[in-house]
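A short write-up of the structure that comes next.
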């Protein structure tokens, strides 16, 4: 069986590693227990999380045991890494709900039966801590000067916005690693590269407390060629929950990524052999669209299943090859009474989430960016009723060349 470290490196995952030689040797000789943390800030995982989930799947396939650690405790604080401001504080009820949603989603990708993987929740130990005891046991192992030099805190300090509330996050995440090391023999923490400072904190804490070695490994972040995090859509985040981002919309996102990112995403987000990844990534001009279609299909298949991926692929072909018509495209249904009375176009744009708000909807119409049933509409007061439906009993609203949404009566 291939060494998981070599697999992750060849596929483009690895950004930083605490001791590359030792980590590679460890992964090749032993079946290790490792963990990745998921702060429960929403009720669904996102495309950003999916990269780390793919890494977990590769690791489990190689025989290693994942711990998916739910941040029921750390979410009460919020990780300042990569943030320009403090995260919104959630209620314990919100956090618990989100944790349950995460568990359900992760079980689609990771096999938890027969101790092949573990779900832990740091609320089980963090929420019981006594502050003074925690500072005496854990705080003494952290140097404030070194913490302030960490990228996660440095940027916030420069902006004058770091609170002590958030400053404690590194101690909590480091304690998580120590706790998992003690309870489960967990010897490695994995995460996005923005977690490097927090991971190093845990590695050093374990060394200080036990004299034993632990390891950390981070992954490259999914970004556009401009350095902006991938997975953002006109509706916000690209969610793994089909109720928040439909399989069609999910497929379309990957179908429309930049040409220069195709090979990278094929390596990171699919299980295609690397020879095929390199072949597809080398395609040029119009041929690169074939690679994009394969990329979108493979990712959607992993996240939503083969049937949903096939429907999304067929819908995309129907829409772009058949005049914007497909039974599988995103659809909003109104009652007969609503459509008889009529819906103004701006409301339709907001309801279908083609526009984030009425101001954006008005701007899209004024800029000639909206068509209804194939005809441009530039009247911001336009109203549509069931009398405007086409022969198939629907309205197809189009934004630009790539965004389609069907409106029906029911």
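Every number in this text was worked out from the coordinates using simple rules, so none of it is lab data. Just so you know, these numbers come straight off a predicted model, no measurement behind them. Neighbour counts run over all protein chains shown; Cβ positions are idealised from the backbone, glycine included.
Tabulated data for the structure shown
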quantity	calculated
Of every Cα-Cα pair in segment 232-321, the percent that sits beyond 17 Å	46
Centre separation in Å (Cα based) which lies between segment 130-152 and segment 265-283	43
Principal-axis tilt of helix 92-106 within the chain, Cα atoms, nearest 10 degrees	80
The chain, relative contact order in percent, only Cα pairs under 8 angstrom and at least six apart counted	14
The chain: angle of helix 196-210 to the longest principal axis, Cα-based, in degrees nearest 10	30
Residue order, fewest to most beta carbons within 10 Å, for 239, 196	196, 239
Proxy reagent accessibility, fewest Cβ within 10 Å first, across 347, 336	336, 347
0 to 90° range, to nearest 10: angle between helix 288-304 axis and the chain longest Cα axis	70
Dimensionless Rg/Rh of segment 4-219 - Kirkwood Rh, Rg from C-alpha atoms	0.94
101, 265 arranged by Cβ crowding within 10 Å, fewest neighbours leading	101, 265
For segment 1-137: relative contact order, % (alpha-carbon pairs under 8 angstrom, 6 or more apart)	27
Dimensionless Rg over Rh [segment 331-409; C-alpha; Kirkwood]	0.92
Helical contribution to [θ] at 222 nm, DSSP H n ≥ 4, -39,500 (n - 2.57), averaged over the chain, rounded to 500	-13500 deg cm²/dmol
For segment 179-309, the spread of Cα positions along each principal axis, largest first, Å	57, 34, 29
